[in-house]
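These notes concern the structure reproduced below.
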Amino acid sequence: MMPRYLVMSLVVILGLAIGSIVPAATSWWYNINHPLSAVNTMNSEPVSTKDVLAKVTYHFGIEQGILSVIEGAPGISGRVVLTGLDVQAWSKEMLEIAPKVEFYSMDEVQSFIDTAIEPS
């Protein structure tokens, strides 16, 4: 007959082994069946540089004190998204910087405008 402490030790070791293997296995099984899991993303196609470059950018155009938001990088004429903002109250530094800045979202454009019209 085996001593009592040896039986208890075997039960504890088996319990710990099962207690750590089962959650790991169920987690893996859950991830393999869902499209956003790390296991399934290994089989997906990598993002091409064309997709990254195809993102829409915006820049400012200023004519006669009127600001326009234009699609595309600075220096490229694109579709006018927004026009009519009076910039005569803007500081000279902001007027010099504005046409040179490229924005990646309309939120960034709005943030720049909010910064420019803040009282100093």
Exercise for the section: Write out, first by first residue and then by second, each pair whose Cβ atoms fall under 7 Å of each other, whose residues are 6+ apart or on separate chains, and whose first residue, in region 93-120, is in contact (Cβ under 8 Å) with a residue 12 or more places away in the chain while the second is assigned to a loop (DSSP other than H, G, I, E, B) and of a type in the set (D, E, K, R). Expected result: Tyr104/Lys55
Handout entry: Out of Ala73, Ala54, Ala38, sole residue that is modelled with pLDDT under 80 and closer than 30 Å to Val101 by Cβ
Key = Ala54
Practice task
State which residue pairs qualify: first residue closer than 19 Å to Val87 by Cβ and inside region 65-77, second residue among the small types (Gly, Ala, Ser) and modelled with pLDDT of 85 or more in any location, beta carbons under 7 Å apart, and separation of 6 or more residues or different chains.
Solution key: Ile66/Gly84; Ser68/Gly61; Ile70/Gly61
Handout entry: Count of region 59-75 residues which are surrounded by 11 or more Cβ atoms within 10 Å (Cβ to Cβ) and assigned to a loop (DSSP other than H, G, I, E, B)
Key = 4
Practice task
Hey, can you tell me all the residues within region 79-114 that are of a type in the set (Phe, Trp, Tyr), within 25 Å of the chain's Cα centre (by Cα) and surrounded by 12 or more Cβ atoms within 10 Å (Cβ to Cβ)?
Solution key: Phe103, Phe112
Exercise for the section: Name the residue, out of Ile117, Ile66, that is at pLDDT 85 or above and either more than 20 Å from the chain's Cα centre (by Cα) or β-branched (Val, Ile, Thr) (or both). Expected result: Ile66
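The values are calculated or read from the model by the stated rules, or taken from the named source; none is laboratory data. Remember, it's a predicted structure, so these values are computed and weren't measured experimentally. Neighbour counts are summed over all protein chains in view; Cβ atoms, including those assigned to glycine, are modelled from backbone coordinates with ideal geometry.
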